[in-house]
1. So if each residue of separation counts as 0.36 nm, and I subtract the Cα-Cα distance between residue B:69 and residue B:17, what length gain in nm does that give?
2. Total Å² of accessible surface buried at the A-B contact, 1.4 Å probe, nearest 100?
3. Restricting things to alpha carbons, tell me how big the protein assembly as shown is in terms of Rg and Dmax, in Å.
4. Out of the total accessible area of region A:4-77 (probe 1.4 Å, heavy atoms of protein only), what percent is carbon and sulfur?
5. Which one, B:20, A:51, B:50, projects farthest toward the positive side of the charge dipole computed for the protein assembly as shown from Cβ point charges (K/R +1, D/E -1)?
6. Could you run the Debye sum over the Cα atoms of region B:7-111, one equal point scatterer each and no solvent, and tell me log10 of I(q)/I(0) at q = 0.11, 0.12, 0.20 Å⁻¹, two decimals?
7. Is there a simple number for the mean count of other chain Cβ atoms within 10 Å of the Cβ of residues in A:78-89, and what is it?
8. List the residues, sorted by chain then number, that are 5 or more residues from residue A:17 or on another chain and whose placed amide H is less than 5 Å from its amide H.
Amino acid sequence: DSGVTQTPKHLITATGQRVTLRCSPRSGDLSVYWYQQSLDQGLQFLIQYYNGEERAKGNILERFSAQQFPDLHSELNLSSLELGDSALYFCASSVAVAGGNTQYFGPGTRLTVL
Amino acid sequence: GESVGLHLPTLSVQEGDNSIINCAYSNSASDYFIWYKQESGKGPQFIIDIRSNMDKRQGQRVTVLLNKTVKHLSLQIAATQPGDSAVYFCAETPQTGANNLFFGTGTRLTVIP
């Protein structure tokens with residue numbers, strides 16, 4: 001158990017809908033990362049937050065957004081869902097923001113868009 | 001852009017043998033490398049890491065070797081066990097600046113009892 005929690009574990013929804021994925025980092029970690037894992041793209045970095053502020057963006061679609069709250073939990077919002085958004089979404093956390101800090105991953109949320 | 005690749009998509013080994021999983025990276029600025037293990041239905045699990053000022057690092061039954069000259073990383077698992085069966089990813093990130101990880105495509109390790 002990495003100490004990172006994610007809810008829900010599974011999510012099934014329809015195209016055009018909006019969903020929110022939730023992540024709680026390990027105790028003491030200030031930085032949260034979101035990754036998408038699909039069969040054809042592998043693990044792709046989406047976005048990073050540190051102590052409530054956005055710090056880095058990867059290949060995140062404009063339909064997707066995230067935030068980190070004062071209690072350090074984070075939410076990833078996916079809107080206008082398309083079939084291709086079906087994937088595993090992982091959250092990871094680390095103590096600090098700088099490169100070289102080990103990231104620990106949560107169990108993931110499996111999103112299925114029908 | 002960043003590119004981290006794996007030489008072999010699948011690897012089968014006999015239980016008790018040693019396993020070697022390889023990874024190539026292309027970014028010379030990469031300073032920090034991590035191996036993750038991902039079992040079916042689970043998130044990536046940290047195995048071992050190494051910084052660019054080291055060539056070798058050992059953990060419990062695992063060793064990571066870094067060859068910066070040819071931009072190559074390997075993970076050695078000693079006395080491979082059935083519980084080692086999983087997909088293994090190498091990931092890299094610059095030690096300074098952003099900490100987002102760039103992952104390779106993964107190698108599926110199957111341990112034959």
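1. Between residue B:69 and residue B:17, full extension yields 15.9 nm more.
2. 1500 Å²
3. 17.4, 50
4. 46 percent
5. B:20
6. -0.31, -0.37, -1.01
7. 0
8. So residue A:17 has HN proximity to A:81.
The values are calculated or read from the model by the stated rules, or taken from the named source; none is laboratory data. Since the model is a prediction, treat every value here as computed from it, not as a measurement. Cβ atoms come from the backbone with ideal geometry, glycine included; neighbour counts cover every protein chain shown. Only protein heavy atoms, including side chains, enter the accessible area calculation; ligands, DNA and RNA are left aside. Shrake-Rupley method; radii C 1.70, N 1.55, O 1.52, S 1.80 Å.
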